[in-house]
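Q: Take a look at the following structure, please.
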Amino acid sequence: MSSSPSESHRSDAGPPSMRLDLFLKGSRLIPRRSQAREVCERGAVSVNGHVVKSARPVKVGDVIELRQHSRIIAVRVAWIPAGRPGKHEAARLYEPVGMEYGERFSQ
């Protein structure tokens, strides 16, 4: 049985997943993959409450918290695309969970 090239990276053993840095870039939460890696290296990204590295796979239902400047953006992964998403699909990849501003970073 042959599989299409876009599905060849997926295994049948579990739900579809995508590297965190690719998800952040594809969703346009961060404009470039290199920036996504840097933000992860600084410990400014967590998945389901745990600080993670850029290579960590994310799947539907995971909650990503992104700390930038004086705000925290929290989103829930809603969809994992088979290939690179277009700009019109980017907003469908996640559901906003919340946003916080201010004092949390002055600790």
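Each reported figure results from applying straightforward, stated rules to the coordinates on display, with no laboratory input. In this text the structure is predicted, and so the values were computed from the model without any measurement. Glycine gets a Cβ as well: all are built from the backbone with ideal geometry, and neighbour counts include every protein chain shown.
Q: Do you know which residues across region 53-89 are more than 14 Å from M18 (Cα to Cα), in contact with a helix residue (DSSP H, G or I) (Cβ under 9 Å, 6 or more places away or on another chain) and of a type outside the set (K, R)?
A: L66, Q68, H69, S70, I72, V75, E89
Q: Can you name every one of the strands (runs of 3 or more DSSP E) wholly within region 16-107 that holds 3 or more residues which are on the phi > 0 side of the Ramachandran plot? If you could, list the steps in order and put the result at the bottom.
A: Working: elements: 17-19, 45-47, 57-59, 63-68, 71-77, 94-101.
Passing ranges: none, list empty.
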